[in-house]
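Inspection log for the structure reproduced underneath, given as structure tokens.
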Amino acid sequence: MKYFSKRQRKLLWKALCISIVITFIVYIFVINYIVQLEEEINLCEFDKHKSNDRIKYIFNLAYWRILIYNEQIFLKENQTLWCNIPNELQLISKTICQIYNIHDCTRLPCRMIYSSPNTLKDVNCTYDGRVFKKNNDSSIQNQPDLTCKMDYSLDLFIKKSSDYSYPSMIVDAFIPLLTYEYKNILNNKYRSCDSIWGMTFNFESISNYPWAADRKKLKLFDVTFGYDRSLYDFIPHPWLYDYIEQIKSTSRRLSMQQAMNNKVPINSIKHSDIYWTNKQMNSSGQNTTANGSYVRSSILWMNSNCNTKSQRTQYMEQLMKYIDVDNYGNCGSNKLPLPEHIIKIRGSNNQNSSDRSSYNWQGVKLALAKDYLFTIAIENSLDFDYITEKLWQPLVAGSVPIYLGAPNIHDWLPCKTDCIIDLNKFKTPKDAAMHIKQVAVNKTLYESYHKWRNEPVSLQFQSMLNYFSTVRNYSLECILCGMSKQVDQNKDPKEYKNKIIKTIRHF
């Protein structure tokens, strides 16, 4: 700068300042434009959309995953029942095939291309988004307020007239929500103002399907069903409902005394004078160790998936350095063979641990847990609201869960006092092991974890049950149907959805 005159320096500084201001303005403009594109993916002018009584269709894209992966339709389907993709459906066919990683989509099973009475399903609903249920009482109206049609066939996307609307759509998040395919193709080319999109995601953890928590991608969807209350509009029935009757009702649930009576003596020379469950009296009134028992420690562990986001196998290897554990699963060390009576319950000698339908896995877990003081219940992921059967099975069976999983687990517990040992409360596995030992040798302290069995469930748990009792009357299909009809009436479909949410009330 010393080579420039004073006047030249002033001009340079002025030019620099102007360029900075211009750059800043351009930056703000670009950012605002990007945000607008992200937030206003499917703008509709509701006041210009004419009201009519046309049939509303819902395209069930989620069912493609069932056809492809569960039914393995590309392996089993008779090739004579396949059809060529017509020209007007080639783009959407190619797009969906890319979503499901299908390389050759020049031909598909005819039923995936052309709808028919065999593939079309009536979606019968009430005005407020509930599933219509026919009543035997003749004095009550037995006709649905709304009816839409749902199908998985591609011809729903064929424009049949100039004012034809593309269908609404149901997607599940078990397949990646690819930005280009969903936004650039399906949203921008195959979505009308009354095409209401819904997404469902349940029973698997977000850690294993991270796109299910991508808020930018979730903006594509008008309605979301999923287990995480912080992300989704509606919470579908969780794993809890496989076991709800034995947990919510004192008449169906094991009492404290029943849970205690079921405990099998621990056959352990190493710990013969430690656990109260060893104390059995012989005819002379002396304590004897139950040598015939298959139970060797106070803790049951049984897992088949060893490589998890929660690193539960690694945690258990550390825990077992400080306390004995009976391990009947596929993971970790010191594995034990299943007892004979458990093998009979399993019902199959050809167990495939990755295919639960190949054996009675629930019966095995419940029968084992019944005999043990504690059962390891570590989830595969440590996600908010992600609670699986690993918690509910020991509670049903009368064992105390040693739990690691959802950080907000206490939102979901039926008990007013402690009924689980929460591993989140301990700094190290060693600290957890020391606490478990203290509980195991103190019968009074152990019984305190079963106190809830003789009491009504907590108010918080009852509030949760009330929510699920109400939400089961609604369906994603009916909410999509109702929202699409709202557009025909020149109403904002978001208000329709928000009214339902307000009616149900989150727990």
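Quick note: the coordinates plus some simple rules give every number you see, no bench work behind them. This one's a predicted model, so the numbers in the text were calculated from it and none came from an experiment. Methodologically, a virtual Cβ is constructed for each residue, glycine included, from the backbone with ideal geometry; neighbour enumeration extends over all protein chains shown.
Tell me the trypsin sites (Lys or Arg not before Pro) within the range 360-431 that lie in a loop according to DSSP and have at most 10 other beta-carbon atoms within 10 Å. Each step should come with its number before you reach the end.
Values: sites: 365, 370, 390, 416, 425, 427, 430; in loops: 416, 427.
Filter output for the range 360-431: 427.
Please figure out what share of the DSSP beta bridges in the range 240-455 is antiparallel and state it in percent, rounded to the nearest 5. Please report the intermediate quantities before stating the final value.
Details: 3 of 15 bridges.
Within the range 240-455, antiparallel bridges account for around 20 percent of the total.
Estimate the FRET efficiency between residue 87 and residue 164 by the formula 1/(1 + (r/R0)^6), using the beta-carbon distance for r and 22 Å for R0, to the nearest 0.05.
On the way: r = 17 Å, r/R0 = 0.79.
That gives a FRET efficiency of 0.80.
Quick check on the range 353-507: what are the equivalent-ellipsoid semi-axes from the Cα gyration tensor, as sqrt(5λ), descending, whole Å? Write out the running numbers ahead of the final one.
Values: eigenvalues 304, 68, 45 Å².
Value: 39, 18, 15 Å, ordered largest first.
Going by the alpha-carbon gyration tensor, a ≥ b ≥ c the square roots of its eigenvalues, is the range 240-455 rounded (a/c under 1.5) or, if a/c is not under 1.5, prolate (a/b greater than b/c) versus oblate?
On the way: a/c = 1.28, a/b = 1.18, b/c = 1.09.
Verdict is rounded for the range 240-455.
Might you report the magnitude of the Cβ-based charge dipole of the range 376-507 about its Cα centre, with Lys and Arg at +1 and Asp and Glu at -1, to the nearest 20 debye? Please report the intermediate quantities before stating the final value.
Working: 17 positive and 14 negative charges, 47 e Å.
With only Lys, Arg, Asp and Glu charged at Cβ, the dipole is about 220 debye.
Under 1.5 on a/c is rounded, so check that first for the range 68-149, then, if it is not, pick prolate when a/b is larger than b/c and oblate when it is not; a ≥ b ≥ c are the square roots of the alpha carbon gyration tensor eigenvalues. Working shown, then result.
Working: a/c = 2.97, a/b = 2.57, b/c = 1.16.
Since a/c reaches 1.5 and a/b is larger than b/c, the shape of the range 68-149 is classed as prolate.
For the pair residue 335 and residue 502, what calculated FRET efficiency results from E = 1/(1 + (r/R0)^6), where r is the Cβ-Cβ distance and R0 = 56 Å, to the nearest 0.05?
Working: r = 52 Å, r/R0 = 0.92.
E between residue 502 and residue 335, to the nearest 0.05, is 0.60.
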